Each structure stands twice: as structure tokens, then as C-alpha cells.
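Contents: one structure, followed by commentary.
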Amino acid sequence: MKHIKPIELAPIFKTKVWAGARLENYFPDSKVPEHTGEVWLFSDLPSSETTVAKGEYKGMSPRVLAQKLGTAFCGNFYDYILEDGFPLLFKILDADALLSLQVHPDDTMAQKLEKQSRGKNESWYILDANAGSHLILGTENSCSTPKNLLEAITNSNSELLHKEQAISGETYFIPPGLLHSIGKGITLVEIQQSSDLTYRVSDWGRVGLDGKPRELHKDQAQQCIKLEKWQKQKKPAPSWSDDGGFIELISVCDYYYLEKITLKGRLEIPLEDDAFSLLLPLSKSIEVLTTDESISLTPYTASILSAEMTSITLGTKANDEDQTLLRAVPIHKGDRPSLAWRGHDADSLEQKANKNAR
């Protein structure tokens, strides 16, 4: 089989009542519909499948690509994908109002409540945040039961809700069971398990674009909420770098890990030999370099890197400022304890993170 180049995907624009107006700046070549609050960059969910933007596979969905290209494309996720679909979902969100207070189920509760195999772990990378904008992340003070907590929360200023300032360039991990919301004036990238399960606890009394109140899911939420404070993930120091740039591990859970790549010039990056990954440029002037061609990457457009790629060489013009990309890599459930990231096992990563936090 011939070499599979990075495959760019066309975004899907999603209407939201809380939508901001900044996404037009991120997608200047697209006609962004009014009230667009989310852009789905990579999705395999039914009725919301992203498709290849250009080239010989134009118009194909991720699942069709998997069936056509096999293990060279999917690696050891091939059988899993054919049965359950791709495990990751990639988005950009832009909020001009506080989102609903919500919680996500874990895999066990998703199966129990919805007969779905996946819950939702997710990570947020802040692209832009207005001064004073904040995130709601968990509770400030504990309650005896989830039911008592929900009865006590009457508005967004509740003293029970823990707030964190949203800082551009920072990453926030949201585990299942954590009450959370995104505040006004925040634009972020979200990587998550491929699930659209969200239980709304409160929508702050507003109505949807149709003029009707949006549905709440307090009964399901009570069964999923975990009464614990949000904990910021400890980050290891960058462990892979040269004069061309460096890589940071900015979020990891049992289902994926997320890297931040900073380019200063030309950087060759080793890749896993058993999994596909998703690459998202956050800057202009980024190219994939090969021996016979240079492929320009579109900012804020996701590309799939096939499992057969053992390395990728990225380049930027010498006179440019540092350029940034995010890269998401799926993990088979249960493999987290043996995770090896760029020469470090899980234990050594934890040790580096603890040392870096002191």
C-alpha cells in the first residue's frame, strides 16, 4: 500500500444558544453560520461525521477511511473502530455566555443509564480568554449527597461552586462526575472520548434559540456526580526537544493523551507505531516536510496521522515566531498503567510531574 499522507478534515459548525462571535477569526475561509458555538474538527458520531476536506479521499468519513485503509491507517485500533467507531472527538468552543452547569457519566454509568459504551473524559486547552473570565470546576465545599448539592445550587454565583480563572495556553482536565461549566469570553480546544452524553444540572433560567427552556437531567446527574474538588493535573517537564522545538505532555487519562508541540524551526518527531493520532495546528506557516514535497497545514483544521507513520517532520519559516500544534493520541482502555511516552513509563512521568510541581 502506498504511503498515507496527513489527511485534513472539513469542520462541522454547530449552533449553540451561548455562542460567541470569535470563530470567524479562526475560520476566515469558511462561512461560519450565525450562533455557531462549536466547531467539530474530528467526529465519528452518527449524523455528525466529519469528512475529508480534499485529495483522493475527499468526502469520506473516518469510518469509511478505516474500512478502506485498514490497519495501516488505524493500527491496533482497527477492530475496535469497526465495532464501536473512533474513540476520540475533537472540537473548538467559543462562549459568549456561561454554559449550562453539567456533568458527564463514566463508562459504567453511560452503559447503565443510556446503554452506551462510552462515558466522557475531556480536556480543555484555552485558546483565548477575556480578562476575568472563569471556569466552573467542581465544588468549593462538600455536601452530604449529590441531591443536597443540586438542591443548594440556585444560581451561577453559588458559594458551593469552585471557580478557576481561565488562562490562555493552560490545560484543564475534566473527569466524569465533575460538575463544570465554561464562562463567557472563553475560546478553547476540547479533546474527549467520542460521546455526546451531557447531563444538564442548571441552565441559569435561560431559554434556547427556539424560545423554550432547554431540558435538564437532574435525575441522571445525581447518579453521576462525584463530590470531590477539582484537581489540576500535574505536568511533567518537556521531555523531548532539540533546536527545532519541544514537546509537552499537557493532559493524560485512561483514554488519550494530549501533546503541545512548539516549533522553532524544523522538528522531526517520532510517532507511535500502533495508533493513529490527530494533529491540530494553532498557528500559520506550518508544513509537513518529506523528501520530495512540502504539505502546508491549515490552522485550526484537524489532520489524521496514520498508524503507519513512524515519524513526522514539521517545519516553520526561520523568521516566524514560535508556532504551536496540539496532538491527541488514543489509548486502549486499561493500558494507562503501562503508558510509555517518549521514553518514559507511567511511573517516571508521575515522578517528573511531582518534582516539577514542587
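The values are calculated or read from the model by the stated rules, or taken from the named source; none is laboratory data. Remember, it's a predicted structure, so these values are computed and weren't measured experimentally. FYI the Cβ positions are ideal-geometry reconstructions off the backbone, even for glycines, and counts take in every protein chain you see.
None of Ala302, Ala237 is farther than 22 Å from Phe27 by Cβ and of a type outside the set (Asp, Glu) except Ala237. Only strands (runs of 3 or more DSSP E) whose full extent lies in the range 212-316 are considered here, and the ones with at least 2 residues that are over 26 Å from Ser61 (Cβ atoms) are 240-242, 245-252, 256-263, 266-270, 286-289, 311-316. For the range 152-179, filtered to residues that are surrounded by fewer than 19 Cβ atoms within 10 Å (Cβ to Cβ) and touching a residue at least 60 places away in the same chain (Cβ under 8 Å), the residue that is nearest to Ala221 (Cα to Cα) is His162. One residue alone among Leu93, Leu113, Leu88, Leu135 is modelled with pLDDT of 95 or more, farther than 23 Å from Val189 by Cβ and of a type in the set (A, V, I, L, M), and that residue is Leu113. Taking the condition under 27 Å from Leu178 (Cα atoms) and either touching a Pro at 6+ places or on another chain (Cβ under 9 Å) or of a type in the set (Gly, Ala, Ser) (or both), does Glu248 pass? In short, yes.
The conditions of being in the same structural domain as Leu23 (by TED's automatic domain parsing), among the β-branched types (Val, Ile, Thr), assigned to a strand (DSSP E or B) and at pLDDT 95 or above are not met by Ile167.
Restricting attention to the range 137-146, does a residue exist that is among the β-branched types (Val, Ile, Thr), within 26 Å of Thr262 (Cβ to Cβ) and surrounded by 16 or more Cβ atoms within 10 Å (Cβ to Cβ)? Checking the range 137-146: not a single residue is among the β-branched types (Val, Ile, Thr), within 26 Å of Thr262 (Cβ to Cβ) and surrounded by 16 or more Cβ atoms within 10 Å (Cβ to Cβ). From the list Leu89, Leu82, Leu149, the lone residue that is buried (at least 22 other Cβ atoms within 10 Å of the Cβ) and over 28 Å from His35 (Cβ atoms) is Leu149. Just one of the listed residues (Leu267, Leu280, Leu263) is free of Cβ contacts under 8 Å to residues at least 60 places away in the same chain and of a type outside the set (S, T, N, Q), namely Leu267. Summed over the range 5-57, the residues that are among the small types (Gly, Ala, Ser) and in contact with a Gly (Cβ under 8 Å, 6 or more places away or on another chain) give a count of 3.
Residues checked against (1) surrounded by 22 or more Cβ atoms within 10 Å (Cβ to Cβ); (2) under 22 Å from Asn148 (Cα atoms); (3) within 19 Å of the chain's Cα centre (by Cα):
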| residue | (1), (2), (3) |
| --- | --- |
| Ile186 | yes, no, yes |
| Gly205 | no, yes, no |
| Gly211 | no, no, no |
| Arg214 | no, no, no |
| Ile225 | yes, yes, no |
| Lys229 | no, yes, no |
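Among the residues of the range 251-270, those that are farther than 11 Å from Thr324 by Cα and within 19 Å of the chain's Cα centre (by Cα) comprise Ser251, Val252, Cys253, Asp254, Tyr255, Tyr256, Tyr257, Leu258. Checking each residue in the range 184-199 for being outside any strand (DSSP E or B) and either modelled with pLDDT under 95 or over 17 Å from Cys253 (Cβ atoms) (or both) picks out Lys184, Gly185, Asp196, Thr198.
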